[in-house]
Amino acid sequence: MKPPVIAIDGPAAAGKGTLARRIAAELGLPHLDTGLLYRGVARRVLDRGADPRDAAVAEREARALLAADLRRGDLRGPEADMAASAVSAIPGVRAALLDFQRHFGREGAVLDGRDIGTVVFPDALVKLFVTASVEARARRRFEELRSKGVPTDPETVEAELRRRDMQDAARSVAPLRAAPDALVLDTTTLDIEAAFAAALALVRERM
Ligand code: C5P
């Protein structure tokens, strides 16, 4: 049997990260949050004082990315969000990160991101596309930021989510979209426990 790869894609704050982590723990598989790779590259570019849209710099930093970059404490927040989205539209950056992701999944894994089921593992055993209304996603992200004491307001959070989704869906390389054979899970009206139960049921059906 081929090692099972479970691909979980979807827009920001739809719950895919939490679902991926829990499914991986339940099935005893390693988990990779691929957004961290783009966030790590973005941070390295920002550290150099460069523009995250600068393809030459971003590609060089993607090739130099280290495991330690993925453990930094400053990978989340509005600046990192938008910079990650910007570097992720650069073909050379995506190409530089592809081998690492494929290697990570070679013995079976759960990976979450935007293009796992479409580009990284087009023949994944299970593909989930986790989504939710932009209002529900903005509400969750706002609550998350508030609980961490980050000063923000719901309107700003929603506007930034919309902008990032649009940027991720409109890019020409590996845009955010559901693979034709992905199972779509809409978490708009589900809490995390209900979403996990639904996701696990879909995964088990395919395994
Ligand atoms: O998932 P997360 O919000 O951490 O991802 C940060 C950014 O990285 C996304 O907005 C997207 O632009 C990019 N990304 C990507 N492909 C992936 C994962 C993330 O382009 N597989």
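The values are calculated or read from the model by the stated rules, or taken from the named source; none is laboratory data. Given the structure is predicted, the values throughout are model-derived calculations rather than measurements. Neighbour counts are summed over all protein chains in view; Cβ atoms, including those assigned to glycine, are modelled from backbone coordinates with ideal geometry. Note: accessible area is taken over every heavy atom of the protein model, side chains too, but ligands, DNA and RNA are not part of it. Shrake-Rupley method; radii C 1.70, N 1.55, O 1.52, S 1.80 Å.
What are the pairs with Cβ atoms under 6 angstrom where one residue, in region 2-25, is within 28 Å of M166 (Cβ to Cβ) and near the ligand (Cβ under 9 Å from one of its atoms) and the other, located anywhere, is open to solvent by 10 Å² or more (accessible area, probe 1.4 Å) and of a type in the set (D, E)? Sequence gap at least six, or different chains.
Pairs found: P11/D165; G17/D33.
Does region 35-43 include one or more residues that are free of Cβ contacts under 8 Å to residues at least 40 places away in the same chain and away from the ligand (no atom under 14 Å from the Cβ)? I'd like the intermediate steps shown before the answer.
Step one: of region 35-43, the residues free of Cβ contacts under 8 Å to residues at least 40 places away in the same chain are 36, 40.
Going one step further and asking which of them are away from the ligand (no atom under 14 Å from the Cβ), we end up with none.
Scanning region 35-43 turns up no residue that is free of Cβ contacts under 8 Å to residues at least 40 places away in the same chain and away from the ligand (no atom under 14 Å from the Cβ).
Look through A170, A174 and report the one residue that is under 18 Å from the mean Cα position of the chain (by Cα) and touching a residue at least 24 places away in the same chain (Cβ under 8 Å). Walk me through it before giving the result.
Numbers: A170 fails: touching a residue at least 24 places away in the same chain (Cβ under 8 Å).
The conditions single out A174.
Is region 3-21 home to any residue that is open to solvent by 40 Å² or more (accessible area, probe 1.4 Å), at pLDDT below 95 and of a type outside the set (D, E)?
Start the filter on region 3-21 by keeping residues that are open to solvent by 40 Å² or more (accessible area, probe 1.4 Å), which leaves 3, 18, 21.
With at pLDDT below 95 added as a condition, the list becomes 3.
Adding the requirement that they be of a type outside the set (D, E) leaves 3.
Yes; the residues of region 3-21 include at least one that is open to solvent by 40 Å² or more (accessible area, probe 1.4 Å), at pLDDT below 95 and of a type outside the set (D, E).
Identify, please: which residue in region 32-54 is farther than 20 Å from F104 by Cβ and not charged (D, E, K, R) and is, among those, most open to solvent (accessible area, probe 1.4 Å)?
Only one residue tops the list, namely G49.
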